[in-house]
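First up is the structure itself, then whatever we jot down about it.
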Amino acid sequence: MTVTCPACGRETAQAVWHAHLCVCPACGSHQPIAARARLTALCDEGTLAEMNADLVGGDPLDFPGYAKKLAAQREKTGMQEAVMTATGRIDGHPAVLAVLDAQFFMGSMGTGAGEKITRAIEYARDAQLPLIMFSASGGARMQEGFFSLMQMAKTSAAVADFSDKGGLYISVLTHPTTGGVTASFASLGDIMLAEPNALIGFAGPRVIEQTIGQRLPEGFQRSEFQQEHGFIDQIVPRAQMRTVLSRLLRLHEGGVKRT
Amino acid sequence: MIKAMIRELEEIESAQRTAQGAEFAQLAARRDALLHQLSDLTPEQKVLMARYPRRPKISQYVDALFTDFFEQRGDRQCREDRSILGGIALFHGRPVTVLGHRKGGNIEENLACNFGMPGPEGYRKALRLMKQAEKFGRPVISFIDTPGAYPGMEAEERGQGEAIARNLAEMSRLRVPVISIVTGEGSSGGALALGLADRILMLENAYYSVVTPEGCASILWKDPKKRDEACMALKLTAQDLLGFGVIDGIVPEAVGGAQRDTQALFARLDREIAQALDALEGKDADTLVRERYAKYRRIGLA
Ligand SMILES: [Zn+2]
């Protein structure tokens, strides 16, 4: 069994590919990694404990075809929602983690994802734990209309409240992070990290090109561009993510919030 | 089309001023028929009404509802974004901060204010004004009317997403009352960025949605012409959203649209804002913020 890299076309044995966390050993391109695989690789062995695994959103608008599409996504991915939330330890440091998975419904945020993310933030607040969230999302889930739009308000309010109480929030942007997720919790980290060459923006490139009537330059809205424009602290390759997060958690230990 | 119907109605009403006898009766009958049609609009017709160019604009609301308006410009970092209007004013003698999306009534005006589509500088100006409102204990009253945040290169370079996110975070903990009124189009994060409020009101023919109906149709069905279906499916009318319990009230409009009787509209809106302010100003800041958090916290909870 081999995996063909979508970037360079070279084949890699599946075991090697997964050992490299879905980063192509030949060209270094960062390909999508499942939320569970990411968390498993990140957390100390035996410390990962998923939260709200069975929590799912509904179909508040009774949107045509949505229930069927949702069922198909669940069938295809084996996931219940676009986000997985958990507690775990990284190099011994406890943290609350949320990982959006673009392979489920493009990682879109509906009421289910919004609720899970909000619960994770509130758990971190109440347990006084650092919060690490990985984003990968096409934005708000259109089929849940106004309700999904309000998940932007809900998650942002939760981050603000968590921050007021002195919580540390590290936001990691991965390919792609766009729309309502960029315009809410994903942009609100105390520390902003990104994986290399991830597409990060509010409007999608196609919408921008249609609006301005010209092609976007190479690298537009990529991680390096976002760092250049001041929105990212550092770009961190997936292979180093665990080390960097561990270091950041250590740097925030023993801090006391002045009130 | 809704525009043609409104235009015909206006022509009839102007013709009625000089018509007599049988001609007048004929015009009156046609007028009644039009009013009847316009009194029961489909979601798509409401969306078109929300975009009707002669619908009242933010400057008219500011003139009618407030006195002593002092406009505040600029984000203090980069530029002045004319697609958002904001400043200090008096509401029944009480200082408030007023802000909202600015749309034009014709093409020149619209080019100047970018059709009510802000860039990050507009949102940052709005945030600056809101933080100042908090400092001086002024309630914030925001008017929402936008097809969305502007999807342009510069907007992305300067952090459109970050600007919207920041507004949401800051508005959620603003220690003064926030009242938001959707007067026309309430589309996507670009609308919500001025709309995280203690009270959300909508005009009768306004819409509020995660995406424009055309955007929804082209993404989901690869066909922007399926706007009608998208308007239905998105449940974006004021009536739908009040039914869901996710907005707080509807401000009625004249049959044929808000522009047909602005005096009645402003009088009603004046009462609604006064009532909301009365209810909110009795609360201490902690209660206000806690209740606002809870208001959004419950949306979507299964
Ligand atoms: Zn490769």
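The table for this structure:
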{"item": "Helical contribution to [θ] at 222 nm, DSSP H n ≥ 4, -39,500 (n - 2.57), averaged over chain B, rounded to 500", "result": "-15000 deg cm²/dmol"}
{"item": "Summed buried accessible area for A+B [probe radius 1.4 Å, Å², rounded to 100]", "result": "4000"}
{"item": "Whether segment B:210-302 is rounded, prolate or oblate, judged on the alpha carbon gyration tensor where a/c under 1.5 counts as rounded", "result": "oblate"}
{"item": "Beta bridges per DSSP with both ends in chain A, % antiparallel, nearest 5", "result": "45"}
{"item": "Carbon/sulfur fraction of accessible area - segment B:42-297, other protein chains in place, 1.4 Å, %", "result": "51"}
{"item": "Carbon + sulfur, % of accessible area of chain A - ligands and nucleic acids excluded, 1.4 Å", "result": "49"}
{"item": "Inter-label distance, nm, simple model (7 Å from Cα along the C-beta direction), B:THR287/B:GLU8", "result": "5.4"}
{"item": "Inter-chain Cβ neighbour average for residues B:207-214, partner chain, 10 Å", "result": "4"}
{"item": "Other-chain or far-sequence residues with amide H under 5 Å of A:VAL236's (modelled H)", "result": "A:ALA194, A:GLU195"}
{"item": "Base-10 log of normalised Debye intensity for segment B:39-94 (one unit scatterer per alpha-carbon) at q = 0.14, 0.18, 0.21, 0.31 Å⁻¹", "result": "-0.60, -0.78, -0.87, -1.18"}
{"item": "Cα-Cα over 20 Å, subset of B:LYS46/B:LYS226; B:LYS46/B:LYS235; B:LYS3/B:LYS225; B:LYS103/B:LYS225; B:LYS103/B:LYS235; B:LYS125/B:LYS295", "result": "B:LYS103/B:LYS225; B:LYS103/B:LYS235; B:LYS125/B:LYS295"}
{"item": "Isotropically averaged projected area of the protein assembly as shown, using the convex hull of Cα atoms (one quarter of hull area), nm²", "result": "27.4"}
{"item": "Segment B:1-129: relative contact order as a whole-number percent, Cα under 8 Å and 6+ apart", "result": "20"}
{"item": "Shielding by partners, peptide B:290-301 (average Cβ within 10 angstrom, other chains)", "result": "6"}
{"item": "Cα convex hull of segment B:42-297 - mean projected area over all directions, nm²", "result": "13.1"}
{"item": "DSSP bridge pairs, segment B:42-297: antiparallel proportion in percent, nearest 5", "result": "40"}
{"item": "Stretch in chain A that is longest and holds no trypsin sites (Lys or Arg not before Pro) that DSSP places in a loop and that have at most 15 other beta carbons within 10 Å", "result": "A:11-164"}
{"item": "R0 of 51 Å, Cβ-Cβ distance B:ALA22-B:ASP228: FRET efficiency to nearest 0.05", "result": "0.85"}
{"item": "Threshold 40 Å² - residues in segment A:218-232 whose accessible area is reduced by that much or more when the chain is no longer isolated, probe 1.4 Å", "result": "A:PHE220, A:PHE231"}
{"item": "Filtered chymotrypsin sites (Phe, Trp or Tyr not before Pro), segment A:195-259: DSSP coil and at most 16 other beta carbons within 10 Å", "result": "A:PHE220"}
{"item": "Over chain A: Rg over Rh, Cα atoms, Kirkwood Rh", "result": "0.96"}
{"item": "List of segment A:51-73 residues, accessible area with partners at least 30 Å² below that of the chain alone (1.4 Å probe)", "result": "A:LEU61, A:PHE63"}
{"item": "Accessible solvent surface per residue of the protein assembly as shown, calculated while the other protein chains remain in place, 1.4 angstrom probe, Å²", "result": "41"}
{"item": "Dipole in debye (nearest 20) - segment A:1-128, about Cα centre, beta carbon charges: Lys, Arg +1; Asp, Glu -1", "result": "320"}
{"item": "Added length on full extension, which subtracts the Cα-Cα distance from 0.36 nm per residue, A:ARG10 to A:MET51", "result": "11.0 nm"}
{"item": "Residue-averaged 222 nm ellipticity for chain A, from DSSP H runs of 4+ at -39500 (n - 2.57), nearest 500", "result": "-11000 deg cm²/dmol"}
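The values are calculated or read from the model by the stated rules, or taken from the named source; none is laboratory data. Here the structure is a predicted model, which means the values were calculated and not measured. Note that we place each Cβ from the backbone using ideal geometry, even for glycine, and neighbour counts take in every protein chain shown. Heads up: the accessible areas ignore ligands, DNA and RNA and are worked out on the full protein's heavy atoms, side chains in. Shrake-Rupley method; radii C 1.70, N 1.55, O 1.52, S 1.80 Å.
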